[in-house]
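Every read-out reported here was derived from the displayed coordinates using simple, explicitly stated rules and does not represent laboratory data. Here the structure is a predicted model, which means the values were calculated and not measured. All Cβ positions, glycine included, derive from the backbone under ideal geometry; neighbour counts span all protein chains shown.
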Amino acid sequence: MGGSLASSCPIAVICICDGCNVKLKKIINNQRRRRKFRVRNKVRGTSDRPRLCVHRTLKHFSCQVIDDTQGRTLVSASTLDKQLGVENGGNCDAAAAVGKVVAQRALAAGIKKVRLDRGPCKYHGRVAAFANAAREAGLEF
């Protein structure tokens, strides 16, 4: 039964056969890659308005302020930082703490305006909490 369903089942339905599961993972990864390149082509960081790049995993949240013209990371923050003191790095509270810290570090470095690069992530949940905390701390998007 597992081999015969691989060619006939629709992609929207997740079945238990091995072939469809692999195909579904490839499709989802391709969608994430296309979404990432689509966002990245629209958002370029300059020296007066650098790019605020967000990276999200299941356990941690990190971000960097990047000047694309020089190819340098100006400021960074992560839930892995010991100064943050976050126990669980995979929730909205941790993302908000990272947003506040990166905004403080960016303002200390003289950066007030940035462009948010959400990558393949939707502007929802942890990414939205991060962006709102960074805005409240003084960064302008």
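Points to keep in mind about this one:
- As a length-normalised measure over Cα pairs under 8 Å and 6 or more apart, the relative contact order of the chain settles at 22 percent.
- Straight-line reach from K26: taking Cα to Cα under 19 Å and skipping same-chain neighbours fewer than 8 places apart, the aspartates and glutamates in range are D18.
- The fewest-to-most ranking of R35, R126 by surrounding Cβ atoms within 10 Å reads R35, R126.
- Between 0 and 90 degrees, the angle of helix 18-42 with respect to the longest Cα principal axis of the chain falls at about 30 degrees.
- Excluding same-chain neighbours fewer than eight residues apart, the lysines reachable from K112 by a Cα-Cα span under 17 Å are K100.
- Projecting the Cα atoms of V102, A129, V114 onto the dipole axis of the stretch 91-141, where Lys and Arg carry +1 and Asp and Glu carry -1 at the beta carbon, places V114 farthest toward the positive end.
- Cα pair distances exceeding 18 angstrom across the stretch 44-136, given as percent: 37 percent
- Within the chain, percent of DSSP bridges classed antiparallel, to nearest 5: 75 percent
- Helix 126-136 vs. the chain, principal-axis angle (Cα, 0 to 90°, nearest 10): 10 degrees
- Estimated from helices alone, the mean residue ellipticity of the chain at 222 nm is -13000 deg cm²/dmol (sum of -39500 (n - 2.57) over DSSP H runs with n ≥ 4, per residue).
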